[in-house]
Amino acid sequence: MIRSATLMSRAIFFILVSLLIIQAGAANAASVEERLDQINRMPEKFRAETLEKEARKEGELVWYAAMASDRAAELIKAFEGKYPFLKIRFQPGGAGRQLEQLLIEHRTKKQRADIINTRRSYVGVMAKAGAVIRYRTPLRAALRDGFTDKEGFINGIYAQPRVFLYNTRMIARDKAPQSFSDLLDPRWKDRLGMDTTDYDWLASLIDYYGRGKALEFAGKLAKQQLNLRRGPTLLAQLAVAGEFPVVVDAFPEEIMQMKNAKAPAEFVFTEPFVAVKTPTTVSIASGAPHPHAASLFVDFLLSKPGQDLMAGQGRWVSRKDGTYFADLSGKKMQIPSLQWDDKQVELINLYNGILGLK
């Protein structure tokens, strides 16, 4: 009898919640966070049913994506295969331009975007403007440290480790640098390439070593007459072309593409830690026209199938059970701490000052 009463109480509760959601749907877009919070508190089965039911009414979602179109297309195909009643309208573009457009839409109350994925350091800007919501999906519990925040604004989908790239025609594997301290060897003077905008690299260095030791090391590295260029792709291309034999802060996925094309490229996961670029995140707009469809898509990106697709693209994904094409066991992955998201100007000035950049 007690069990029956409990089940009846739960049924009544979820009926009331569903009614609240339907009523909220008629309210303005500022209630998107509340509506999704109500759904996220439901048991898994009820939650999934409610999201799908409401998403069917919406029929589509608009995704502002700082992601290559071919890679996004793989995710869209898989998602639309799972939810054939939904269509994703995809808008690619640079992270800065996407951010600006979302903020304009929010200020003018002419909301088009449902979802934006961009670098983590931009989330705070969007949140302070009220342009994105907290999204406390239950899938957050499956994510690694560094990919979420306490409030619910940050939901990371993947990040990119930084590694040493070396030209295999110029350097044998056993002669390539293995650790950060190896870079200070006099034999690497004028033989190292580095990105002029890799501020995250310095943030990871400070987080691991502490400010004093990190800045001391970075200053010594700067005296190695670095070959400074903007952009990891350009640096990697110059290294395999023989301009210099080593890149300090390359991306493994780019190096793997070069290796597959028979270029003389290889990489080393650094010691005592691997510096990681600030994660790429996904956020739901506060005025999302299709919030339930947006919720389904965010959950897909954080799910094992969605994460496996991104891992297949060479990404180091956010799930603890996510795979990677290389063995990271025993490696210390140093994601820049959340404090740097509010200290970007300070970080940029530090980096430019150490490397002698304007």
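The values are calculated or read from the model by the stated rules, or taken from the named source; none is laboratory data. Everything numeric in this text was worked out from a predicted model, so none of it was measured. Every residue, glycine among them, receives a Cβ derived from its backbone with ideal geometry; neighbour counts consider all protein chains shown. When the accessible area is computed, the model is the full protein with side chains, heavy atoms only, and any ligands, DNA or RNA have been set aside. Shrake-Rupley method; radii C 1.70, N 1.55, O 1.52, S 1.80 Å.
Structure data summary
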| read-out | value |
| --- | --- |
| Debye, to nearest 20: dipole size of the chain, +1 on Lys, Arg Cβ, -1 on Asp, Glu Cβ | 200 debye |
| Size-normalised alpha-carbon gyration radius of segment 113-167, reference 2.2 N^0.38 Å | 1.36 |
| Extension gain from Asp308 to Leu357, taking 0.36 nm per residue of separation minus the Cα-Cα distance | 13.7 nm |
| For the chain: relative contact order, % (alpha-carbon pairs under 8 angstrom, 6 or more apart) | 25 percent |
| Placed amide H near Gln160: partners under 5 Å, 5+ positions off or other chain | Lys277 |
| Mean Kyte hydropathy of 0.5 or more with a Cα span along the axis of at least 18 Å, helices from DSSP in the chain | 2-25 |
| D_trans [Stokes-Einstein, Kirkwood Rh over alpha-carbon pairs] for segment 43-103, 20 °C, 1.002 mPa s, µm² s⁻¹ | 164 µm²/s |
| Unit charges at the beta carbon, dipole of segment 127-272: most positive-side option, Gln225, Ala250, Val132 | Val132 |
| Probe 1.4 Å, protein heavy atoms only - accessible area per residue of segment 149-285 in square angstrom | 40 Å² |
| Shape of segment 138-282, Cα gyration tensor, a/c cut at 1.5 | oblate |
| Vicinal HN-Hα couplings computed from phi for segment 267-279 (Karplus, 6.51 cos²θ - 1.76 cosθ + 1.60; Hz; Gly/Pro x) | 9, 10, 6, 6, 10, x, 8, 10, 5, 10, 5, 3, x |
| Estimated distance in nm for a label pair at Lys213 and Asp190, the labels positioned 7 Å out from Cα along Cα-to-Cβ | 3.3 nm |
| Charge dipole (debye, nearest 20) of segment 117-255; +1 at Cβ of Lys and Arg, -1 at Cβ of Asp and Glu | 220 debye |
| Scaled radius of gyration (Cα, divided by 2.2 N^0.38 Å) that the chain gives | 1.11 |
| Segment 144-192: equivalent-ellipsoid semi-axes (sqrt of 5 x gyration tensor eigenvalues, Cα, Å) | 36, 12, 9 |
| Label-to-label distance, nm, for residues given as Thr108 and Arg89 (7 Å Cα→Cβ offset) | 1.5 nm |
| Label zone at Lys332, where the point sits 7 Å out along the Cα-to-Cβ direction: segment 187-208 residues whose backbone N lies under 20 Å | 200-208 |
| For segment 269-358: rounded, prolate or oblate by the Cα gyration tensor [a/c cutoff 1.5] | oblate |
| Amide proton proximity set for Arg89, modelled H, under 5 Å, gap of 5+ | Leu61, Val62, Trp63 |
| Dimensions in Å of segment 225-281 - Rg and Dmax from alpha carbons | 11.9, 35 |
| Assigned charges on the beta-carbon of Lys, Arg, Asp, Glu; segment 29-115 dipole about Cα centre (debye) | 180 debye |
| Separation in nanometres of the label points that stand 7 Å from Cα toward Cβ, at Ala48 and Asp342 | 3.9 nm |
| Accessible area of the chain belonging to carbon and sulfur atoms, whole % at 1.4 Å probe | 53 percent |
| Helix-derived mean residue ellipticity, 222 nm - over the chain, DSSP H n ≥ 4, -39500 (n - 2.57), to 500 | -13500 deg cm²/dmol |
